[in-house]
Amino acid sequence: MIDITQKVEEALKDSGIKEGLLLCNAMHITASVFINDNESGLHADFLDWLEKMAPHEPVSSYRHNVGEDNADAHIKRQIFGREVVIAVTEGKLHFGPWERVFYGEFDGMRKKRVLIKIIGE
Amino acid sequence: MIDITQKVEEALKDSGIKEGLLLCNAMHITASVFINDNESGLHADFLDWLEKMAPHEPVSSYRHNVGEDNADAHIKRQIFGREVVIAVTEGKLHFGPWERVFYGEFDGMRKKRVLIKIIGE
Amino acid sequence: MIDITQKVEEALKDSGIKEGLLLCNAMHITASVFINDNESGLHADFLDWLEKMAPHEPVSSYRHNVGEDNADAHIKRQIFGREVVIAVTEGKLHFGPWERVFYGEFDGMRKKRVLIKIIGE
């Protein structure tokens, strides 16, 4: 789980948009973009909990796993969601206290790709 | 779980919008619109897993089920979410590889209704 | 779980926007804004089910709980989500039958704060 808040802020700054909405979504279907606290203990809890909810093993317990072995990663992404939509106010991400944006990949060492789209004026 | 990607693409084309955001949400509170892979084994895994997380039976174990029997469907929808927001770029849904839009109804044979709203220019 | 639909409708009316998108998100990372049915039995089922999925006790089972005791609340919020995006049509929230907006706080008596951002014309 990687903190991408600064990259999102840079994209917003580059856009010049002052008031609007910003969409940030994972481009991979075994990954999530989500907002929560930047605390390493909590992220470990998130990963442990997701593994308990949708265990990777036994791989053969999932029907998706024919030639693949990542059905659990698709389920984990469904729990944590694909995207966040963030308000943009006075040119900044309009956050409450402690809100940070994270990318979580649940299928190992895949290439990570995020889409950021901003509309407004 | 029904692939509605083509219907969403048609709505986008009809709108004439080239750059913006597209919202697609279920209009029923026991249903989800979500984005994932179009693979029937995976969809079977999704349904099995949701049933394990929030079993339909015993119906009497839920307090909502007074005259109704679909509390589990409301919970399943909460896990999978109500809506997706998709970036529109050059007149197209701006998707990563394998992203497809699905409608999932968790309460049997209900009428399915989706709302698509697009803003941009 | 508090029904905030009327407050959202008031914010929309004040904005004067007739066509667009409305974002409503929790500003706290142990809370969710979500859309479902306004039925107290169902809300009790939601809370029971969330507690079963991510129990508060034993507090020591979570690595986040050093000086805090709310790791479970962060997880519950991840399941139920942070935000909703609602279509605005003819100056109104464009809802299906029974859709209502709720604020759910999973960490006790915290101050509740919601952000509403509306774009359109």
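The values are calculated or read from the model by the stated rules, or taken from the named source; none is laboratory data. On a predicted model such as this, the values are computed, not experimentally measured, just so you know. For neighbour counting, all protein chains shown are included, and Cβ atoms are generated from backbone atoms with ideal geometry for every residue, glycine included. The protein model used for the area step is the full one, side chains on, heavy atoms only, and it has no ligands, DNA or RNA in it. Shrake-Rupley method; radii C 1.70, N 1.55, O 1.52, S 1.80 Å.
In table form, for the structure just shown:
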read-out: Nitroxide proxy distance, nm - points 7 Å out along Cα→Cβ at A:Thr5 and B:Arg110; value: 3.7 nm
read-out: 3J(HN,Hα) from dihedral phi, region A:37-42, Karplus parametrisation 6.51/-1.76/1.60, rounded to Hz, x for glycine, proline; value: 7, 8, 9, 5, x, 5
read-out: Degrees, to the nearest 10: A:5-15 long Cα axis against longest axis of chain A; value: 40 degrees
read-out: Electrostatic dipole magnitude of the protein assembly as shown [Cβ: Lys, Arg +1; Asp, Glu -1; Cα centre; debye, to 20]; value: 680 debye
read-out: Sparsely packed chymotrypsin sites (Phe, Trp or Tyr not before Pro) within region C:45-121, loop by DSSP, other Cβ within 10 Å at most 13; value: none
read-out: Region B:13-60 versus region C:1-69: alpha-carbon centroid distance in Å; value: 20 Å
read-out: Binned Cα-Cα distances of region A:19-121, short to long, each 10 Å bin given as a whole percent; value: 14, 40, 29, 12, 4, 0
read-out: Which of C:Ile4, C:Ile86 is most accessible, then next, and so on - probe 1.4 Å; value: C:Ile4, C:Ile86
read-out: Helix B:71-80 vs. chain B, principal-axis angle (Cα, 0 to 90°, nearest 10); value: 30 degrees
read-out: Top of A:Asp37, A:Asp72, A:Asp45 by mean-square fluctuation, Gaussian network on chain A, Cα under 10 Å; value: A:Asp45
read-out: Peptide A:102-108 - average C-beta neighbours from other chains (10 Å radius); value: 0
read-out: Threshold 50 Å², region A:37-72 residues less accessible with all protein chains present than alone (1.4 Å probe); value: A:Asp45, A:Trp49, A:Met53, A:Arg63, A:His64
read-out: Pairs of lysine residues in chain C - Cα separation under 19 Å, sequence separation of 8 or more or cross-chain; value: 13
read-out: Global form of the protein assembly as shown, assessed from the alpha-carbon gyration tensor, a/c cut-off 1.5; value: rounded
read-out: Inter-copy spacing of C:Thr89 label points, which lie 7 Å from Cα along Cα→Cβ, given in nm from shortest upward; value: 2.9, 2.9
read-out: Fraction of accessible area attributable to carbon and sulfur, chain C (%, probe 1.4 Å); value: 51 percent
read-out: Given charges at Cβ of Lys, Arg, Asp, Glu: chain C dipole, positive-most of C:His56, C:His94, C:Ala11; value: C:Ala11
read-out: 20 Å reach of a label modelled at C:Glu121, 7 Å along Cα-to-Cβ, counting backbone N of region B:1-30; value: B:12-23
read-out: DSSP loop trypsin sites (Lys or Arg not before Pro) with at most 16 other Cβ within 10 Å excluded, longest remaining stretch of chain B; value: B:64-109
read-out: Solvent-accessible area buried by pairing C with B, both sides, nearest 100 square angstrom, 1.4 angstrom probe; value: 2300 Å²
